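Just so it is clear, none of the values below were taken in a lab; they were calculated from the coordinates. Computed from a predicted model, the values in this text were never measured in an experiment. Heads up, the Cβs are rebuilt from the backbone with ideal geometry, glycines too, and the neighbour counts pull from every protein chain shown.
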């Protein structure tokens, strides 16, 4: 009886020892797999969790305009072209930056909404229109606040704005130039006009064939058309309230993964801007390679002095407010929204 009881106790001790061993292994594995938070680390002396691990290693950025170099212009483009921005992002765990060009803002907005992009730079009008549809984006930078829309007439076509009555105008729907032309015609009380949506290359070809009476265009392309004998009917520089601004937006989903992105992006952008200001000739040559036009024309259309060295200015935000109000009043925007809640400073 004594021997039986002793054997039973021995088996129980073995089972208990085995259980304790398993528990110890489990606790050890759990400790190895879970890093302490910064707050816990400060109290216990344990290593803090590496926040870089939460940031996706690939960053997807969109911009407007296709070109041979496959880069945008401005401080962002220069920084990406020179690798300045990539180097800054690499410090935070981003090992690859993928750039995607778009023909216009609405197309880029669709990619941002669908999650194919993390952030992108475009005109303020398409960015506002996307937000008005419920797009979960935040505005993190206004890189420029002087985007000028031009209205170009076909050769032997309309000579004045009044001549546009009953005519057809090619526009890029949803662009800052769309906002410009609608606002311009409203100011001039010209209502009997037909709009046709065309991307720039198609619109320029249609204008040359006389299939449309006029078209909207952006600065450098419009000035080239004027050199070729097309008539400039109007431009937004004569209407300060119709000037567009640029907008860099990031998806809210990406900002959840990388909350410090706006600060880091703007610091990298500023570093790139300082670099290009120290190499103006090289920068204008870069722009010339992008768009195929002369250095002198690029100096005239996109002077370095117009690139903003801060994310937001009072004048820029005022232009945004005016653009949003116009789009809502004209029912071009689906819904109104609080601009202050969209801007992320």
Practice task
Using label points projected 7 Å from each Cα along Cα→Cβ, tell me how many nm separate residue 189 and residue 256, to one decimal.
Solution key: 5.2
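Evaluate E = 1/(1 + (r/R0)^6) for residue 196 and residue 155, where r is the Cβ-Cβ distance and R0 equals 22 Å; express this FRET efficiency to the nearest 0.05. Present the calculation step by step, with values, prior to reporting the outcome.
Values: r = 19 Å, r/R0 = 0.84.
Computed FRET efficiency for residue 196 and residue 155: 0.75.
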Problem - Computed label-point distance, nm, for sites residue 285 and residue 87 using a 7 Å Cα→Cβ extension - result: 1.9
Problem - Angstrom value of the Kirkwood radius, inverse mean 1/r, which spans all Cα pairs in segment 149-242 - result: 12.8
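Set the Förster distance to 56 Å, then compute FRET efficiency between residue 337 and residue 67 from the Cβ-Cβ distance, nearest 0.05. Walk me through the intermediate numbers first.
On the way: r = 33 Å, r/R0 = 0.59.
Working from the Cβ atoms, E equals 0.95.
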Handout entry: Relative contact order (%) - criterion: Cα under 8 Å, at least six apart; region: segment 149-242
Key = 50
Exercise for the section: Using Cα centres only, tell me the gap between segment 226-242 and segment 73-142 in whole Å. Expected result: 28
Handout entry: Simple spin-label estimate for residue 277 and residue 208 in nanometres, 7 Å along Cα-Cβ
Key = 4.0
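Which order do the peptides 256-268, 213-225, 65-77 take when ranked by the mean count of other beta-carbon atoms within 10 Å per residue, highest first?
Values: 256-268: 16.8, 213-225: 22.2, 65-77: 19.5.
Packing proxy ranking, top to bottom: 213-225, 65-77, 256-268.
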Completion exercise
Normalised Cα Rg of segment 61-192, dividing by 2.2 N^0.38 Å with N its residue count, works out at 1.28
